[in-house]
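Q: Sharing a structure, written as structure tokens. Questions coming.
The values are calculated or read from the model by the stated rules, or taken from the named source; none is laboratory data. None of these values were measured; they are calculated from a predicted model. Cβ placement follows ideal geometry from the backbone for every residue including glycine, while neighbour counts extend to all protein chains displayed.
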Number of protein chains: 2
Amino acid sequence: MPEWINQGEAIDRISISDRGFQYGDGLFETIAVRDGKPRLWRYHLDRLARGCEVLGMEMPSESALSDGVIQALRNSETPTAHAVVKIIVSAGSGRRGYERAFADSPTVLFRAFSSAPPAPELYGNGIDTVICRTRLATGSATAGLKTLNRLEQVLARSEFSESDAFEGLTLDAEDSIICGTMSNVFFVNDKCISTPPLDRCGVEGVMRRHVIEILGQQGITVALQPYSLSRLADADEVFLSNSQFGVLPVKRCSAMKWPVGEVTQNVMTIMANNQVPECRR
Amino acid sequence: MPEWINQGEAIDRISISDRGFQYGDGLFETIAVRDGKPRLWRYHLDRLARGCEVLGMEMPSESALSDGVIQALRNSETPTAHAVVKIIVSAGSGRRGYERAFADSPTVLFRAFSSAPPAPELYGNGIDTVICRTRLATGSATAGLKTLNRLEQVLARSEFSESDAFEGLTLDAEDSIICGTMSNVFFVNDKCISTPPLDRCGVEGVMRRHVIEILGQQGITVALQPYSLSRLADADEVFLSNSQFGVLPVKRCSAMKWPVGEVTQNVMTIMANNQVPECRR
């Protein structure tokens with residue numbers, strides 16, 4: 001059965017001329033579905049809208065997007081208690097060459113996948129990480145966005161496919177830690193939480209935004225500060241965020257080790273009470 | 001009639017799960033065909049092989065590539081006196097997520113297009129250019145390569161689609177001129193030719209390599225040197241290279257103007273005698 005939904009039809013193939021394939025000219029969102037509802041939907045829409053603006057593409061209507069999510073879930077017969085829906089918005093089939101024909105309408109695709117929550121012991125004991133050799137290029141015109149240009153993440157991810165590590169942390173050329181290949185990273189020093197700014201490279205995750213906003217409502221400030229690799233050994237605690245798993249403590253990065261500390265435990269308790277129940281340990 | 005050749009078959013569509021579409025996980029080459037033969041074939045193969053190595057993909061065999069080019073030309077019934085063939089090598093349909101399943105074999109696609117040479121007066125009088133606002137991110141893991149991650153070029157190209165400019169020059173964050181959206185750039189100062197190094201960003205064009213090597217054989221050195229935007233007004237001459245048009249003089253960039261100078265004319269004459277006859281003015 002065709003697995004992707006496009007304009008209400010189930011399909012499996014797209015035009016080779018689609019600019020998403022030719023140039024990575026497009027965006028995507030990977031949305032956690034919990035108890036039948038897309039989680040952090042508004043934040044996914046916000047990021048997609050910002051991406052469409054930067055890329056000069058037409059933003060699909062909210063109703064078209066939510067209809068597509070519902071159709072994808074129905075089409076896949078995925079149990080909606082715990083699933084994931086991917087939305088791809090590409091610039092569509094256009095003329096040859098980098099220049100777009102602006103009459104082209106975007107290609108909008110939806111697919112639902114079943115997904116299982118990470119093992120509870122990962123929330124309890126933390127995960128292993130590594131530092132990736134692949135560096136993120138800085139000064140990217142699409143910094144923060146989730147575009148279809150994801151080669152850096154593919155290359156970084158390939159570095160630890162043979163290892164037991166759950167995630168790899170990526171650096172920029174100046175040895176600043178930016179984010180994980182599929183997550184954002186937070187550091188705790190002297191009870192203060194910080195996360196790297198993502199205006200030069202990296203992806204601004206919706207869960208990162210949710211963590212910052214929910215903690216802010218509790219009077220806990222997350223500082224946006226560059227974090228050099230050389231400081232990592234001095235971190236008291238490290239944790240990651242991602243739209244699917246919520247928040248996970250980091251117990252190890254290469255030779256460095258951390259306990260699942262008080263601050264991380266508190267963050268997880270707060271997030272568990274705010275739409276991210278998987279963080280309840 | 002389906003326009004792309006894949007494993008000997010003419011097709012128009014590919015799997016939505018292809019990693020080329022999902023992540024821009026792949027490479028391409030755009031090869032000039034002149035008098036029935038792919039020009040600078042060896043250089044295209046070199047760059048593709050280097051790209052496959054960096055991306056960790058299997059390089060298609062030379063015979064598979066040359067068969068594909070021939071089939072694409074035959075399939076399109078394009079006159080082969082002056083045509084272009086595009087080859088796309090993507091990482092194929094793999095598992096979901098950034099991690100590749102290394103058992104997947106690459107998707108290899110070929111398509112021929114008819115192409116007309118640029119108007120002779122462009123070679124004689126030069127072309128207009130602009131400086132693009134879109135900056136190239138620096139420190140890219142795929143610098144120099146022609147990957148399917150081309151959003152920077154798409155965005156830069158869109159800036160001058162309404163103008164008469166033939167090409168736009170792109171800078172890095174430090175105001176160094178790196179290359180055009182679809183070409184490489186050379187500067188002439190006091191009879192000396194230079195072109196920017198491309199180890200941090202930009203695409204190493206096959207025609208750039210050909211120009212450097214042919215001029216080298218004539219005892220003319222091309223210096224690999226960063227070139228700041230602030231020096232552009234002091235350039236005596238500026239010219240561009242590209243696999244399709246060969247070498248074109250730049251007569252203007254925003255408010256700056258240049259004559260088609262002696263050095264550029266000499267370069268064009270030399271290149272015209274070395275597989276790039278369109279440079280004969």
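Q: Suppose we filter segment B:96-142 for residues that are farther than 30 Å from B:ALA272 by Cβ and of a type in the set (A, V, I, L, M); how many remain?
A: Here the count works out to 7.
Q: Against the condition over 13 Å from B:PHE28 (Cα atoms), away from chain A (no Cβ under 14 Å), part of a loop (DSSP other than H, G, I, E, B) and touching an Asp or Glu at 6+ places or on another chain (Cβ under 6 Å), how does B:PRO117 come out, does it pass?
A: yes
Q: Let me ask you something else. With the condition kept exactly as written, say whether any residue in segment A:208-224 is in contact with a helix residue (DSSP H, G or I) (Cβ under 6 Å, 6 or more places away or on another chain), in a helix (DSSP H, G or I) and over 15 Å from A:PHE186 (Cβ atoms).
A: No, because not a single residue in segment A:208-224 is in contact with a helix residue (DSSP H, G or I) (Cβ under 6 Å, 6 or more places away or on another chain), in a helix (DSSP H, G or I) and over 15 Å from A:PHE186 (Cβ atoms).
Q: If you don't mind, another one. It is to be established whether one or more residues within segment B:214-222 are within 13 Å of chain A (Cβ to nearest Cβ) and buried (at least 18 other Cβ atoms within 10 Å of the Cβ).
A: no
Q: Give the number of residues within segment B:187-204 that are away from chain A (no Cβ under 14 Å) and either assigned to a loop (DSSP other than H, G, I, E, B) or at positive phi (or both).
A: 5
Q: Are any of the residues in segment B:175-186 more than 15 Å from the chain's Cα centre (by Cα), more than 15 Å from B:GLU204 (Cβ to Cβ) and within 7 Å of another protein chain (Cβ to nearest Cβ)?
A: no
Q: Only one of these is more than 13 Å from every other protein chain (Cβ to nearest Cβ) and either without any contact (Cβ under 8 Å) to a residue 12 or more places away in the chain or crowded, with 23+ Cβ neighbours inside 10 Å (or both): A:ALA49, A:ALA64. Name it.
A: None of the others qualify; the one that does is A:ALA49.
Q: With respect to B:THR181, determine if the residue is at pLDDT 95 or above, out of contact with any Leu (no Cβ under 7 Å at 6 or more places or on another chain) and of a type in the set (Ser, Thr, Tyr).
A: Judged against the criteria, B:THR181 is a match.
Q: Here is a follow-up. Looking at (1) touching a Pro at 6+ places or on another chain (Cβ under 8 Å); (2) outside any strand (DSSP E or B), find the lone condition where A:ILE270 falls short.
A: Looking at each condition in turn, A:ILE270 falls short on (1).
Q: Inside segment A:25-56, can you point out the residues that are assigned to a loop (DSSP other than H, G, I, E, B) and under 11 Å from A:THR147 (Cβ atoms)?
A: A:ASP25
Q: Would you confirm, using the coordinates I've provided, whether B:MET1 is farther than 29 Å from A:ALA112 by Cβ, assigned to a loop (DSSP other than H, G, I, E, B), among the aliphatic types (A, V, I, L, M) and in contact with a helix residue (DSSP H, G or I) (Cβ under 7 Å, 6 or more places away or on another chain)?
A: no
Q: May I ask you to say which residue of B:GLY144, B:GLY97 is within 22 Å of A:SER161 (Cα to Cα) and surrounded by fewer than 22 Cβ atoms within 10 Å (Cβ to Cβ)?
A: Of the residues listed, the single one that is within 22 Å of A:SER161 (Cα to Cα) and surrounded by fewer than 22 Cβ atoms within 10 Å (Cβ to Cβ) is B:GLY97.
Q: Restricting attention to segment B:132-167, which residues are at the interface with another protein chain (Cβ under 7 Å from one of its Cβ atoms), over 17 Å from the mean Cα position of the chain (by Cα) and without any contact (Cβ under 8 Å) to a residue 40 or more places away in the chain?
A: Answer for segment B:132-167, where residues must be at the interface with another protein chain (Cβ under 7 Å from one of its Cβ atoms), over 17 Å from the mean Cα position of the chain (by Cα) and without any contact (Cβ under 8 Å) to a residue 40 or more places away in the chain: B:THR134, B:ARG135, B:SER158, B:SER161.
Q: B:ALA101 - would you say it is within 12 Å of chain A (Cβ to nearest Cβ), at negative phi and assigned to a loop (DSSP other than H, G, I, E, B)?
A: Judged against the criteria, B:ALA101 is a match.
Q: Restricting attention to segment A:130-163, which residues are within 22 Å of A:LEU224 (Cα to Cα), in a strand (DSSP E or B) and polar (S, T, N, Q)?
A: Correct list: A:THR138 only.
Q: Which one is nearest to B:ALA165 (Cα to Cα), of the residues in segment B:112-122 that are touching a helix residue (DSSP H, G or I) at 6+ places or on another chain (Cβ under 8 Å) and surrounded by fewer than 24 Cβ atoms within 10 Å (Cβ to Cβ)?
A: Filtering first and then ranking leaves B:PRO118.
Q: Would you confirm whether any residue within segment B:76-94 is surrounded by 20 or more Cβ atoms within 10 Å (Cβ to Cβ), more than 23 Å from B:SER243 (Cα to Cα) and more than 11 Å from every other protein chain (Cβ to nearest Cβ)?
A: Looking through segment B:76-94, at least one residue is surrounded by 20 or more Cβ atoms within 10 Å (Cβ to Cβ), more than 23 Å from B:SER243 (Cα to Cα) and more than 11 Å from every other protein chain (Cβ to nearest Cβ).
Q: Here is a list of conditions, (1) within 14 Å of chain B (Cβ to nearest Cβ); (2) touching a Pro at 6+ places or on another chain (Cβ under 9 Å), and A:ARG34 meets all of them except one; can you say which number that is?
A: With respect to (1) within 14 Å of chain B (Cβ to nearest Cβ); (2) touching a Pro at 6+ places or on another chain (Cβ under 9 Å), A:ARG34 is out only on (1).
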